[in-house]
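Asker: Questions regarding the structure given below will be posed in turn.
The values are calculated or read from the model by the stated rules, or taken from the named source; none is laboratory data. Computed from a predicted structure; not experimentally measured. All Cβ positions, even for glycine, are placed from backbone atoms using ideal geometry, and neighbour counts span all protein chains on display. The protein model used for the area step is the full one, side chains on, heavy atoms only, and it has no ligands, DNA or RNA in it. Shrake-Rupley method; radii C 1.70, N 1.55, O 1.52, S 1.80 Å.
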Amino acid sequence: MASVIIAGVGSYVPTKILTNEDLAKLVDTSDEWIVSRSGIKERHIAADDEATSDMAIKCAQAALLDAGIKAEEIDLLIVATCTPDYLLPSTACVVQHQLGVLPHATCFDISAACSGFLYALEIAYGQLLTGRYKCALIVGSEKLSSIIDWSDRTTCVLFGDGAGAAVLKKVDQPGIGIIGSDLGADGAMRELLYMPAGGSRCPASPQTIANKDHFLRMKGKEVFKHAVRVMEKVAREMVEQHHLTLDQINLVIPHQANIRIIEALASNLGLPLERFYINLDRYGNTSAATIPIALDEARRAGKIKPGDYTLLVAFGAGLTYGSTLIRW
Ligand code: ACO
């Protein structure tokens, strides 16, 4: 029996840091409000001329280096993002060209917002197992600052920019790497978190710009409740499906949206908060990039050892959600 392993990971965040104090100069907010309601202290913001693909390339280079794999060896490249460089072509094609991935590679983006990295993992896992592809590069990269209304205090304090990547390959060893995943979506809740204009339903026009319809809109309280419920559900299901107990999970890497969501999840699962990797205080919510950035940091910090079980859990616009179980 073969397995699909994560052979390398990498991450990148832009250099510019925007603190809560900086935000308090832009909108009517305070460090105290932001920290107490979300746990976020600062976030990184991409330069004006730095696009999602630029960040994707930097984290991808780090992941390739970590895996000891050359760009030419990649034959499947997936970018998970809700802030692509363009509506077309895909950001994956931009990354492919700049990174030196060969033209025979299959390259595409996926749109699953904050759950995007887990969706990409599942697709790559399945494709590698079939033997159709040999080596996959998956990236979660987001320039959320480009779709944030910087005059809306209910959203602008929560998000940041960044990117994370993983290199995946098949190995002839059973029971390691990606053990399983459980993904879902509930499109009935799509308008809890969305960007109204710029797509085919409502193309860009002077009116959409005047209405600020090209910015993210969110019903925070509803998203919060749904997030806690679905993340608990998929975390439990994943562990049960693989005949494990939650106690056997060495590290949970949750989507980094709000410390209160993570605290509620930990409490509902009956796990100590120390079992969760948390870095949202430094980056805010970077959507599809939160999990690979956290994975990269956790590995570098020595929090993941051979034989460990790591559970990735996410939710995002759609509303999408998912969990992925990994054994190292
Ligand atoms: N500073 C100061 N006051 C604020 C701010 C701010 N930045 N934002 C809102 N307020 C005010 C509100 O106007 C409200 O005032 P009112 O009572 O006078 O009306 C008050 O603070 C409380 O607002 P609530 O919305 O009730 O605050 P809540 O405790 O629900 O926290 C938050 C809001 C942080 C958005 C929370 O609901 C949340 O995190 N939800 C989940 C959001 C999320 O995870 N989104 C990411 C999804 S992932 C993806 O796909 C991108």
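Asker: Suppose we keep only residues that are surrounded by fewer than 16 Cβ atoms within 10 Å (Cβ to Cβ) and touching a helix residue (DSSP H, G or I) at 6+ places or on another chain (Cβ under 7 Å) within region 182-219. Which one would you say is farthest from residue 324 (Cα to Cα)?
Answerer: By that ranking, first place goes to 202.
Asker: I would also like to ask the following. Taking the criterion of being open to solvent by 50 Å² or more (accessible area, probe 1.4 Å), within 16 Å of the ligand (Cβ to nearest atom) and in a loop (DSSP other than H, G, I, E, B), would at least one residue in region 97-109 satisfy it? Full working, then the answer.
Answerer: We begin by selecting, within region 97-109, every residue open to solvent by 50 Å² or more (accessible area, probe 1.4 Å); these are 97-98, 102-104, 108.
Among the residues that remain, those that are also within 16 Å of the ligand (Cβ to nearest atom) are: none.
No, the conditions are met nowhere in region 97-109.
Asker: Could you look through region 248-268, keep only residues that are open to solvent by 50 Å² or more (accessible area, probe 1.4 Å) and assigned to a helix (DSSP H, G or I), and pick out the one that is nearest to the ligand (Cβ to nearest atom)? First the steps, then the outcome.
Answerer: Applying the first criterion (open to solvent by 50 Å² or more (accessible area, probe 1.4 Å)) to region 248-268 yields 248, 250, 260, 263, 267-268.
Pick out the ones that are also assigned to a helix (DSSP H, G or I) and you get 248, 260, 263, 267-268.
Working: 248: 28, 260: 7, 263: 12, 267: 16, 268: 16 Å.
Only one residue fits best here, namely 260.
Asker: Something else now. Going through region 308-328 one residue at a time, which ones are open to solvent by less than 30 Å² (accessible area, probe 1.4 Å), part of a loop (DSSP other than H, G, I, E, B) and away from the ligand (no atom under 15 Å from the Cβ)?
Answerer: Here is the first cut: in region 308-328, the ones open to solvent by less than 30 Å² (accessible area, probe 1.4 Å) are 308, 310-320, 322-326.
Applying the additional criterion that residues be part of a loop (DSSP other than H, G, I, E, B) yields 308, 317-319.
If the condition is that a residue be open to solvent by less than 30 Å² (accessible area, probe 1.4 Å), part of a loop (DSSP other than H, G, I, E, B) and away from the ligand (no atom under 15 Å from the Cβ), then 308 is the only one that fits.
Asker: Here's another thing I want to ask about it. Filter region 1-22 for residues that are within 16 Å of the ligand (Cβ to nearest atom) and touching a helix residue (DSSP H, G or I) at 6+ places or on another chain (Cβ under 7 Å); which is nearest to residue 263 (Cα to Cα)? Working first, answer last.
Answerer: The initial filter retains those residues of region 1-22 that are within 16 Å of the ligand (Cβ to nearest atom), namely 18-22.
Among the residues that remain, those that are also touching a helix residue (DSSP H, G or I) at 6+ places or on another chain (Cβ under 7 Å) are: 20-21.
Numbers: 20: 21, 21: 25 Å.
Here the residue is 20.
Asker: Would you confirm whether or not region 223-243 contains a residue that is surrounded by fewer than 14 Cβ atoms within 10 Å (Cβ to Cβ) and within 16 Å of the ligand (Cβ to nearest atom)?
Answerer: yes
Asker: Take region 28-75 and flag every residue that is within 16 Å of the ligand (Cβ to nearest atom), open to solvent by 20 Å² or more (accessible area, probe 1.4 Å) and small (Gly, Ala, Ser).
Answerer: Scanning region 28-75 gives 30, 36.
Asker: Considering only residues that are in a strand (DSSP E or B), aliphatic (A, V, I, L, M) and under 16 Å from the mean Cα position of the chain (by Cα), which ones fall in region 9-44?
Answerer: Within region 9-44, the first condition is being in a strand (DSSP E or B), and the residues that meet it are 9-12, 16-19, 42-44.
So of that shortlist, the ones also aliphatic (A, V, I, L, M) come out as 9, 17-18.
Residue satisfying the conditions is 9 alone.
Asker: Kindly indicate the residue of region 285-294 that is part of a helix (DSSP H, G or I) and among the hydroxyl-bearing types (Ser, Thr, Tyr) and also farthest from the ligand (Cβ to nearest atom) among those meeting that condition.
Answerer: So in region 285-294, the residues part of a helix (DSSP H, G or I) come out as 287-294.
With the extra rule that they be among the hydroxyl-bearing types (Ser, Thr, Tyr), the set shrinks to 287, 290.
Details: 287: 5, 290: 9 Å.
That would be 290.
Asker: When region 269-284 is examined, which residues are found to be surrounded by fewer than 24 Cβ atoms within 10 Å (Cβ to Cβ) and within 16 Å of the ligand (Cβ to nearest atom)?
Answerer: 276, 278, 279, 281
Asker: Looking only at residues in region 80-96 that are away from the ligand (no atom under 16 Å from the Cβ) and open to solvent by less than 20 Å² (accessible area, probe 1.4 Å), which one is nearest to residue 10 (Cα to Cα)?
Answerer: In the first step, residues of region 80-96 are kept if they are away from the ligand (no atom under 16 Å from the Cβ); the result is 85-96.
Right, trim to open to solvent by less than 20 Å² (accessible area, probe 1.4 Å) and you get 91-92, 95.
Numbers: 91: 18, 92: 17, 95: 15 Å.
Filtering first and then ranking leaves 95.
Asker: Do we have any residue at all in region 127-139 that's touching a residue at least 60 places away in the same chain (Cβ under 8 Å), away from the ligand (no atom under 16 Å from the Cβ), open to solvent by less than 10 Å² (accessible area, probe 1.4 Å) and part of a helix (DSSP H, G or I)?
Answerer: So far as region 127-139 goes, yes, one or more of its residues are touching a residue at least 60 places away in the same chain (Cβ under 8 Å), away from the ligand (no atom under 16 Å from the Cβ), open to solvent by less than 10 Å² (accessible area, probe 1.4 Å) and part of a helix (DSSP H, G or I).
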